[in-house]
Each structure stands twice: as C-alpha cells, then as structure tokens.
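Encoded as structure tokens, the structure appears first; notes follow it.
The values are calculated or read from the model by the stated rules, or taken from the named source; none is laboratory data. Computed from a prediction, not measured in an experiment: that's the story for all the values here. Note: ideal-geometry Cβ built from the backbone for every residue, glycine included; neighbour counts use all protein chains shown. For accessibility, only protein heavy atoms count, side chains too; no ligands or nucleic acids. Shrake-Rupley method; radii C 1.70, N 1.55, O 1.52, S 1.80 Å.
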Amino acid sequence: MGAIIIFFPPGDEIVARCRKATGRSGVAPVLADEGARYARTEMVNIAGLGPMVSRPGHPEDSVEIGTVRGKKIDSVFIGSCTNGRYEDLEEAARVLRGRKVAPGVVAKIVPATDAVWRKAMNDGLFKIFKEAGVMIANAGCAGCAAGQVGQNGPGEVTISTGNRNFAGKQGKGEVYLASPAVAAASAVAGFITAPDSIPDAPALFAARAEHEPNPPRTSPGTAPRPLVLTGRVWVVKRDNIDTDMIFHNKHLAITKLEEMGPYAFGNLAGWEDFSKRAKPGDMIVTGANFGAGSSRQQAVDCFKALGIVAIIAKSFGAIYERNAINAGLPIVTSGIIDTGLKDGDEVTVDLLKGQIKTGGGMVKASAWPKAQTEIYLRGGLLG
C-alpha cells in the first residue's frame, strides 16, 4: 500500500485555533500513543532552503526558484484553499506595499473565506492591493477550481498559489506554483522572481505573436463521428466497478492518453488481461454504478486509448458519467446486460434514438440529449 496521508502532530497554537474556529473547547488533536514505536525516523535538514517553484503540469516537479527566474508571466493568482488564508494575504501585502504590478501583468487575489475577506478589508490589506493594481474578487476557490477569476487562456503564463497545476485545471495556459510572497514579487517584476530579487523597474516585453490555438482532441481530417455504433461486446457482470478497479492509483502518474491502455481493468479481478484481449471498435457492457469512486480522468481515457467505442451500463457513477461525456467517450445507460449477451456478440447502438440492436432483437437505452451529442461530435468538451 502507498501512503495516502501523513499526520503531523499539531502544536498548541493550531489546537487553540481549531477550538476557536469551531467554538468547541473539546477539540482534541490526533496524536500518536505515548511510547509509540516507529519503524523509521527521518531527519530533514531545511537549513538554507530557499523559495521553490513547481513547473507547469506537475505539482511535484518543484525546483529552486533560480532555475526558472526570469520566466515572463502574464498573470498572477493568489488564493485557493491552501494559500488564501489571512496570513497568506499578509505575506503578499508585505511585498506589494508601495509597489505596482508590472505593465502587461494581471494580478488577482481571492481570499479563501468570507471571514478572511472581511478581515483583510478591515485591516487595510485591500487598500495595499488596490494601490498596487491588483484585482480583488469575492471569496472562494476561484481559478483553482475552474472558476472565472484565475483561469488563464492559451499561451498565457500564470504563477499561482494553488495546490495543483495539472494541464487544463486552471485554464489552457501554463501554470507555475509558488508561495504568496513569490507570486506577489513576480507580479511586480513581470517575471518569476523571489521577494529579495525584485528589480528596481519591471521588465518590459515585446508583444507576443498570436499563439496557435490548442489542437483539437480529434485528429485533423478525420471523418465526422458516427452516431450509430456497431461492435463486439465484452460483458462484465459486475455492479459498482469503481475507478480504482478500472485504473489503479499506482498508475496515476501516467498522464499521456496513449500510454494508459495497458492498465485498463488492471485492478478488476478476472479482467486484469482485458487490455490484451480488447480490440479497437469493441464495446463494454456492464452493471450498475459503473465508475463509482474518485474523479480520476485516466479511468475514462484508458478505454479511449484502447479504442473502445462505447460503454453500456445500467447506470454510471455521477463523476465518471460527466468525465466520459466531457472526454467524448460514448456512454449509454441500458439494462442490456440482463438479456443474455455473451462476450463476442455484436450489437448496434443508435445513440440518438436510444436503441440497441442485438441478435435477439431491439433493446431500449437512454437517448442522448442535445448537449451530450454536441460535445461528442466536437471530440469532447475541449475538442
């Protein structure tokens, strides 16, 4: 098993804050038992540790700021659940006080909660931000959760205090992750830099040529996507197949669609070799609540990588259903699994009429609504 969470023993100050925030004096910290024995003790020397920045697409790809210092930025986002606290805004205010955001840079600050927002306003932090030329938004997750404020466009380079920077999570551009102080310093400089390395004058960059739009998910020149699909089926007689069975979490570091296929159903008992048996054009027929569990996108894309043309289930997990629709993977709701289908049987699915033709006759299915059809025809939501 892999470590999913690590507990750090909280100090007295943290415990006091929790009690005050919840109004419950009996809040007790989670601590190891007295005299607990540990398998291993690790000592980490952080002396001399300076500011770090995570490079686009990979929050774990963190490097010393000198590695990326000087990278031109277009926008700055300070906020999110992890870095929109009052102390984070204070940190940004210390850097921005008496300074201006660089020409050509848009800086956005989104306090995490309404209480933080009000305190920052009452304590004068907003005055500092306003005089520096920062845009202040209502409290919330904002760009870190695909909200309006903080999203970037194609070709745009953003430095963000969010906790994730996976491709597409905060827009269509590049997102570097950093602390509030580094983000604020970069806003003033016009490029990525540390608070102790802000130039006397901001960098001025020549206007950039028009960027090329993001390539569509479907290859150029491909034929229109069919709305009537025919293929042989694999009948998986199981309910509640979750996303960990579909695509195990030990493979989540795989982000290229073309590399995901071999791991499809790799954690589903009896179906571990599915990827070796499946052929492009095949379909999957299964039971209820298919795709329950986490929101991992690989659980959808692994089937696209294998060329699976449709998944027919009694019902789908809500997040999985939305992910499949957005990715342009045809999913159909039907109880066809109860009609006696066998592996290798051929069926024809009419997505608009909600009909499935089998060797034994016609079976009813859910007809696609207009929105789902439009997303599919364009190759996915971002196609």
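Here are the numbers for the structure shown:
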| quantity | calculated |
| --- | --- |
| Residue-normalised accessible area of the chain, given per residue in Å² at a 1.4 Å probe | 56 |
| Inter-site label distance for residue 269 and residue 58 at 7 Å from Cα along Cβ, in nm | 3.7 |
| Extension gain, residue 46 back to residue 364 (0.36 nm per residue minus Cα-Cα distance, nm) | 108.2 nm |
| Column: log10 I(q)/I(0), Debye, Cα scatterers of the chain, q = 0.10 Å⁻¹ | -0.83 |
| Residue-count net charge about residue 18 - beta-carbon cut-off 15 Å; Lys, Arg +1, Asp, Glu -1 | +3 |
| Centre separation in Å (Cα based) which lies between the stretch 40-81 and the stretch 292-334 | 34 |
| Percent of Cα-Cα distances greater than 19 Å, calculated over the stretch 121-183 | 36 |
| Accessible area of the chain belonging to carbon and sulfur atoms, whole % at 1.4 Å probe | 54 |
| Residue-by-residue Karplus 3J(HN,Hα) for the stretch 18-34, coefficients 6.51, -1.76, 1.60, Hz, glycine and proline x | 4, 5, 5, 5, 8, x, 10, 5, x, 4, 10, x, 8, 10, 5, 4, 4 |
| FRET efficiency estimate (nearest 0.05) - Cβ-Cβ, residue 227 to residue 131, R0 51 angstrom | 0.35 |
| For the stretch 126-188 versus the stretch 350-383, the gap between their alpha-carbon centres in whole angstrom | 38 |
| For the stretch 1-156, diffusion coefficient by Stokes-Einstein and Kirkwood Rh (Cα), 37 °C, 0.692 mPa s, µm²/s | 174 |
| Net charge of neighbours whose Cβ lies under 10 Å from the Cβ of residue 50, counting Lys and Arg as +1 and Asp and Glu as -1 | -2 |
| Extension reserve of the residue 31-residue 90 stretch, reckoned as 0.36 nm per residue once the Cα distance is removed | 18.2 nm |
| For residue 107, residues with placed amide H under 5 Å, excluding near neighbours | 76, 135 |
| Net charge, residue 148 excluded, C-beta distance under 15 Å - Lys, Arg +1, Asp, Glu -1 | +2 |
